[in-house]
1. Please tell me if residue 326 is within 28 Å of residue 40 (Cα to Cα) and touching a strand residue (DSSP E or B) at 6+ places or on another chain (Cβ under 9 Å).
2. Among (1) crowded, with 18+ Cβ neighbours inside 10 Å; (2) within 30 Å of residue 399 (Cβ to Cβ); (3) in the same structural domain as residue 572 (by TED's automatic domain parsing), which single condition is residue 535 missing?
3. For the subset of segment 193-204 comprising residues that are over 28 Å from residue 328 (Cβ atoms) and touching a strand residue (DSSP E or B) at 6+ places or on another chain (Cβ under 8 Å), which member is modelled with the lowest pLDDT?
4. Answer yes or no: is there a residue in segment 151-174 that is in contact with a helix residue (DSSP H, G or I) (Cβ under 6 Å, 6 or more places away or on another chain) and more than 19 Å from residue 22 (Cβ to Cβ).
5. Can you pull out the residues in segment 171-192 that are surrounded by 15 or more Cβ atoms within 10 Å (Cβ to Cβ), part of a loop (DSSP other than H, G, I, E, B) and at pLDDT below 85?
6. Condition first: surrounded by fewer than 16 Cβ atoms within 10 Å (Cβ to Cβ) and at pLDDT 85 or above. Now tell me which residues in segment 570-582 satisfy that.
7. Return the residues of segment 65-90 that are within 27 Å of the chain's Cα centre (by Cα) and closer than 23 Å to residue 55 by Cα; say none if nothing qualifies.
8. Are there strands (runs of 3 or more DSSP E) fully within segment 283-397 with at least 3 residues that are in contact (Cβ under 8 Å) with a residue 12 or more places away in the chain and either closer than 30 Å to residue 544 by Cβ or in contact with a helix residue (DSSP H, G or I) (Cβ under 8 Å, 6 or more places away or on another chain) (or both)? List them.
């Protein structure tokens with residue numbers, strides 16, 4: 001017997017932790033379970049071909065909003081090609097509307113509803129010839145519904161990655177997901193996690209052994225899928241303390257937290273972590289008090305802002321903050337206010353999400369009352385509400401794209417900070433930038449990654465033409481912070497006048513190393529290829545908070561060291577020098 005567990009992910013770097021957990025819980029039937037993972041970017045015919053050639057006896061597919069369109073396209077042909085092979089579906093996209101799915105897809109044998117580990121084990125037992133289908137909890141067929149699934153204690157779920165070869169093969173260059181709790185104490189109306197209000201935790205001795213496994217295997221990133229990791233203070237503290245004490249210098253851990261409940265003890269511990277050891281995702285969603293109350297999200301916004309500010313001051317943690325468009329009682333003006341407030345918190349990444357109306361969520365039951373119009377097909381994204389029009393949504397979509405390119409990429413930090421001063425608010429900047437893109441046709445013909453610098457220069461000159469040379473230098477600085485270029489883009493300042501100064505700098509470093517002691521084995525020419533020296537007329541490294549007139553004068557040179565990158569931003573190490581004799585102004 002071969003049971004094929006299928007996961008179709010949004011991207012190659014993603015994996016599907018659900019199917020790995022199901023296989024881990026298959027007990028004596030584990031050897032009969034095979035995993036197949038694909039992405040929504042593959043051709044359906046290629047996925048269909050691979051499934052067919054695996055010759056499964058039973059198929060089980062994990063279904064989510066991001067893969068449902070692909071699953072729906074595959075089901076009819078799989079049933080034709082693998083006639084008589086039972087096809088089971090599970091996951092949040094089908095759990096809360098099982099009867100509807102079964103009616104739409106006669107090819108489907110049944111639905112595993114809700115948490116599936118025990119249900120899957122019993123299903124494997126059934127196909128091995130033991131037991132009765134109608135006695136398995138969590139099963140929905142056209143003939144019967146066996147009710148809620150049996151929920152396992154998290155201590156009874158084996159470690160998904162116990163086979164070390166998984167990390168070497170299936171998870172090479174992919175995100176490793178891990179959970180230490182299930183459920184959420186909060187009741188946010190748009191989230192399916194609010195359905196399971198009882199939070200269950202994995203025993204700490206098991207967690208520490210499993211963390212050791214990740215650390216020993218030097219996994220680049222472990223992403224915790226706990227819905228609110230710090231909802232239990234003692235649990236969060238013990239795990240953060242453990243990874244602090246056992247840091248391998250490589251592994252990064254990602255946590256989703258509630259910022260307003262962070263304690264002083266947690267902040268003190270987080271301050272000790274290696275820069276880049278942890279990244280935190282914080283769901284703000286909105287700063288509108290009426291909206292927060294309506295979506296049943298309990299947030300102390302003053303505490304949240306204060307704690308985010310404290311986390312920023314640590315300079316060792318990447319911060320990702322979220323907002324949601326389309327929530328009740330939030331019109332465009334309110335959303336702009338939320339945007340500007342969260343932007344002012346200076347996150348490394350500000351994610352604009354658009355409300356997804358999920359089957360089974362409380363907000364899904366209130367769509368008529370809220371006037372929510374949403375897509376008929378996955379991901380069921382909001383189109384309009386009583387408070388926000390479709391035209392507003394389209395405009396915010398354009399702003400989202402500008403934010404991704406010019407803020408979240410981290411490639412234009414100094415240029416954008418200076419450019420913001422020309423606008424009434426950060427949102428006004430990104431909205432104007434979106435209008436510029438629209439006029440130039442860039443939403444249709446998207447500029448390449450390198451050309452985006454020149455596009456931003458054109459926009460800056462159109463907005464603030466008097467400071468064109470300042471923007472050229474700011475973009476030069478931002479560009480070399482991120483990249484050691486093989487050739488110099490055309491929009492940058494002519495470098496001919498600097499060539500002798502630069503060469504003299506590297507020749508001096510070759511004979512008397514000061515800044516380039518780590519490059520002592522290289523010649524001056526080799527050092528030039530590995531690092532970069534750029535002369536500036538403006539103090540571009542220190543203009544993010546500049547206030548007042550900018551006067552053109554020779555200021556100094558900046559040395560970019562690409563061996564010494566900032567683990568949070570990825571920026572090159574920077575030293576500002578007064579001249580080629582290494583007389584430093586700043587570091």
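1. When the stated conditions are applied, residue 326 passes them.
2. Of the numbered conditions (1) crowded, with 18+ Cβ neighbours inside 10 Å; (2) within 30 Å of residue 399 (Cβ to Cβ); (3) in the same structural domain as residue 572 (by TED's automatic domain parsing), the odd one out for residue 535 is (2).
3. 200
4. no
5. Selection gives 171, 174, 184, 185, 186, 187, 188, 189, 190, 191.
6. If the condition is that a residue be surrounded by fewer than 16 Cβ atoms within 10 Å (Cβ to Cβ) and at pLDDT 85 or above, then 570 is the only one that fits.
7. Of everything in segment 65-90, those that are within 27 Å of the chain's Cα centre (by Cα) and closer than 23 Å to residue 55 by Cα turn out to be 67, 68, 70, 71, 72, 89, 90.
8. Correct list: 317-325, 349-354.
The values are calculated or read from the model by the stated rules, or taken from the named source; none is laboratory data. Computed from a predicted model, the values in this text were never measured in an experiment. No Cβ is skipped: glycine too gets one built from the backbone with ideal geometry, and neighbour counts run over all protein chains shown.
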